[in-house]
Amino acid sequence: MRGTRVEIRNAALAHNAERAKQLAAGAEVFAMVKANGYGHGLLNAATAMSEPVDGFGVALLEEARQLRDAGIGASILVAEGFFDLAELQEARQLSLDVVVHSPWQVALLLDNPGPVRIWLKLNTGMNRLGLRPAIALQAAEQLAAAGMKPVGVMTHFACADDEQDRRTSRQLMLAQEVADALGLPLSAANSAALIRYPASHGRRVRPGIMLYGSSPFTWKSAAELGLQVSHRFSARLIAINDIQPGESVGYGATWTAAEAGRVGVVAVGYGDGYPRHAPSGTPAAINGEPTALVGRVSMDMLTIDLNGIEAHVGDEVELWGDVVDVDAVAQACGTISYELFCQITSRPERIIV
């Protein structure tokens, strides 16, 4: 067996959800399980976290349908709302909370009135999805007159994870003003705001990445936040090559040895979801001992530095997990852990523990 595998730790998911619950201090916790549970499995993640949390957040109605079909009766928030009348009707049938973020959704509701739980999305400065405050107030009045009063107001923070953040307080103030004017509860906090801005908690918080054992901050680790590793990616060493000074490794000859040494070939590549753009120096570990990538990642293999390391063919190489912080890999690759988790393909064996 090739030995490339992803280990999903459900006890860690439950622990991290409980940590979010503690930080929420009485606010409802809706665990974001979109994008296949951030690569942990949609149904698996929801089941593992069902005890500590109050509900779940997804991006698409299809994801909500999968949860309902699996017998999950908890409240589900669909963050992008409905895309057409058929989805609106299905959202009603499935008793979903839907986010209304655009005038065309408001118009569709007014043309097709009926019971539905609406969270009115505000654009408070991120300029992605959401109604500007004045338009949101008008929409809330129209919906209420048609018997569809929103059940809450929500927004999304652009920079809550930024160490020099100067935007969140302004966004929160705008959102709270609308919520107060409508007499409705507020939902605004993502993982970063849940941890960093208690004033943003409102009625409902929507943590995502912290549930999966990754820090939303570049300056504070997941361990420092009391989070546990829930996703461990590993592969096997399949060859060891001696290399001489001046010799290069891999496609494009992007890395050249400065001295004689050994290079290990690992059975994992971008065909498995490991990022092709990971540069030489990206951290890895073999038998628990830290090392780093050398040369370019190919479809089925990558290479690591074995100088000064006792290693044999068949030994385990950790790409991220217990020794190698996924956030350190993400930083080396110029991306975020969300992408690393989500892009793992179907080739690695998945083990749920």
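A compact table of results
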read-out	value
Hits in segment 271-285 - residues which are in contact with a strand residue (DSSP E or B) (Cβ under 9 Å, 6 or more places away or on another chain) and more than 14 Å from VAL329 (Cα to Cα)	ASP272
Of all residues making up segment 140-150, the number that are open to solvent by less than 60 Å² (accessible area, probe 1.4 Å) and outside any loop (DSSP other than H, G, I, E, B)	3
Out of SER214, SER234, SER187, SER230, sole residue that is hydroxyl-bearing (Ser, Thr, Tyr), farther than 20 Å from ASP325 by Cα and either open to solvent by 80 Å² or more (accessible area, probe 1.4 Å) or in contact (Cβ under 8 Å) with a residue 12 or more places away in the chain (or both)	SER187
Number of the condition not met by GLY269 [criteria: (1) within 24 Å of ALA223 (Cβ to Cβ); (2) in contact with an Asp or Glu (Cβ under 8 Å, 6 or more places away or on another chain)]	(1)
Among (1) polar (S, T, N, Q); (2) under 23 Å from ASN241 (Cα atoms); (3) crowded, with 19+ Cβ neighbours inside 10 Å - the single one SER337 does not satisfy	(2)
Subset of segment 316-334 that is assigned to a loop (DSSP other than H, G, I, E, B) and open to solvent by less than 30 Å² (accessible area, probe 1.4 Å) - its residue that is farthest from ILE240 (Cα to Cα)	CYS333
GLN244 of a type in the set (S, T, N, Q), under 24 Å from ASN36 (Cα atoms) and either surrounded by fewer than 21 Cβ atoms within 10 Å (Cβ to Cβ) or in contact with a helix residue (DSSP H, G or I) (Cβ under 9 Å, 6 or more places away or on another chain) (or both)	no
Neighbours by Cβ (under 8 Å, 6+ apart or cross-chain): first from segment 272-298, closer than 20 Å to VAL323 by Cα; second basic (Lys, Arg) and open to solvent by 10 Å² or more (accessible area, probe 1.4 Å)	GLY273/ARG347
Test: THR256 is polar (S, T, N, Q) and farther than 30 Å from ALA160 by Cβ	yes
Residue match in segment 171-181 (condition: of a type outside the set (Ser, Thr, Tyr), within 29 Å of the chain's Cα centre (by Cα), loosely packed, with under 14 Cβ neighbours inside 10 Å and under 21 Å from ARG203 (Cα atoms))	yes
Qualifying positions in segment 4-25 - open to solvent by 30 Å² or more (accessible area, probe 1.4 Å) and touching a residue at least 40 places away in the same chain (Cβ under 8 Å)	ARG5, GLU7, ARG9, ASN10, ALA11, HIS15, ARG19, LEU23, ALA25
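Condition check ((1) under 22 Å from ILE135 (Cα atoms); (2) of a type in the set (Lys, Arg); (3) at pLDDT 95 or above) across all residues:
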| site | (1), (2), (3) |
| --- | --- |
| ALA175 | yes, no, yes |
| ALA179 | yes, no, yes |
| SER187 | yes, no, yes |
| ILE195 | no, no, yes |
| ARG204 | no, yes, yes |
| PRO207 | no, no, yes |
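For (1) open to solvent by less than 20 Å² (accessible area, probe 1.4 Å); (2) over 27 Å from ARG68 (Cβ atoms); (3) β-branched (Val, Ile, Thr), each residue gets a yes or a no:
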| position | (1), (2), (3) |
| --- | --- |
| ARG92 | no, no, no |
| VAL98 | yes, no, yes |
| GLN105 | yes, no, no |
| VAL116 | no, no, yes |
| LEU131 | yes, yes, no |
| ALA134 | no, yes, no |
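The values are calculated or read from the model by the stated rules, or taken from the named source; none is laboratory data. Predicted model only: the values in this text are computed from it and were never measured. Positions of Cβ are generated from backbone atoms using ideal geometry, with glycine treated the same way; all protein chains shown enter the neighbour counts. Note: accessible area is taken over every heavy atom of the protein model, side chains too, but ligands, DNA and RNA are not part of it. Shrake-Rupley method; radii C 1.70, N 1.55, O 1.52, S 1.80 Å.
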